[in-house]
Amino acid sequence: MPQITVDYSDNLADGFDRPAFARDLHSAVVEIAAAKPPACKTRFRRTEDPVVGPDTEGHALVHVHIALLPGRTDETKSRLTETTLDLLRQYVKPADGQMLHASAEIRDLDPSYRKFEGE
């Protein structure tokens, strides 16, 4: 916990400082949602061929999904969502002429969530 997944369109590969974004997002999750630093885990998934409405070109997409253990207030989740969007503005630079569509959501992990760490 937290489990963070970032889906981003392949046309952002060169304009998205993913390590810096993850570092600062982890700091925000620790500060805002009281997570422990070693518990923050982020994976990035590059997606192909973004399509927005009828447009198959000219758009870049990034969506951040953060799953937390239950117990955070709606206010905490909203604050973390807004901070995530601010970080995306800072670390994602689409190519000239591309419209960036950025979004984020926070949800509670299902009660069935379990984890294993080890060798």
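Brief remarks follow.
- Selection count, the range 20-57, where residues are within 15 Å of the chain's Cα centre (by Cα) and part of a loop (DSSP other than H, G, I, E, B): 1
- Answer from Thr76, Thr81 - the residue that is more than 14 Å from the chain's Cα centre (by Cα), of a type outside the set (Phe, Trp, Tyr) and open to solvent by less than 70 Å² (accessible area, probe 1.4 Å): Thr76
- From Ala67, Ala34, Ala102, residue being out of contact with any strand residue (DSSP E or B) (no Cβ under 8 Å at 6 or more places or on another chain) and not acidic (Asp, Glu): Ala34
- Within the range 28-56, the set of residues being open to solvent by less than 70 Å² (accessible area, probe 1.4 Å) and within 19 Å of Leu100 (Cα to Cα) comprises Phe44, Thr47, Pro50, Val52, Gly53, Asp55.
- Hits in the range 84-102 - residues which are of a type in the set (A, V, I, L, M, F, W, C) and open to solvent by 60 Å² or more (accessible area, probe 1.4 Å): Met99
- Contacts under 6 angstrom Cβ, first residue in the range 95-119 being among the acidic types (Asp, Glu) and part of a strand (DSSP E or B), partner at pLDDT 90 or above and open to solvent by 80 Å² or more (accessible area, probe 1.4 Å), 6 or more apart: Asp108/Pro70
- Verdict on Leu25 being crowded, with 19+ Cβ neighbours inside 10 Å, within 26 Å of Gly71 (Cα to Cα) and in contact (Cβ under 8 Å) with a residue 60 or more places away in the chain: yes
- Test: residue in the range 58-72 that is in a loop (DSSP other than H, G, I, E, B), open to solvent by less than 40 Å² (accessible area, probe 1.4 Å) and farther than 19 Å from Thr5 by Cβ: yes
- Set side by side, the residues Ala39, Ala22 differ, and just one is in contact with a Ser or Thr (Cβ under 9 Å, 6 or more places away or on another chain) and on the phi < 0 side of the Ramachandran plot, which is Ala22.
The values are calculated or read from the model by the stated rules, or taken from the named source; none is laboratory data. All figures in this text were calculated on a predicted structure; none of them were measured in a lab. Cβ coordinates were reconstructed from backbone atoms using ideal geometry, including for glycine residues, and neighbour counts include every protein chain displayed. Each accessible area value is taken on the protein alone, full model and side chains, heavy atoms only, with ligands, DNA and RNA left out. Shrake-Rupley method; radii C 1.70, N 1.55, O 1.52, S 1.80 Å.
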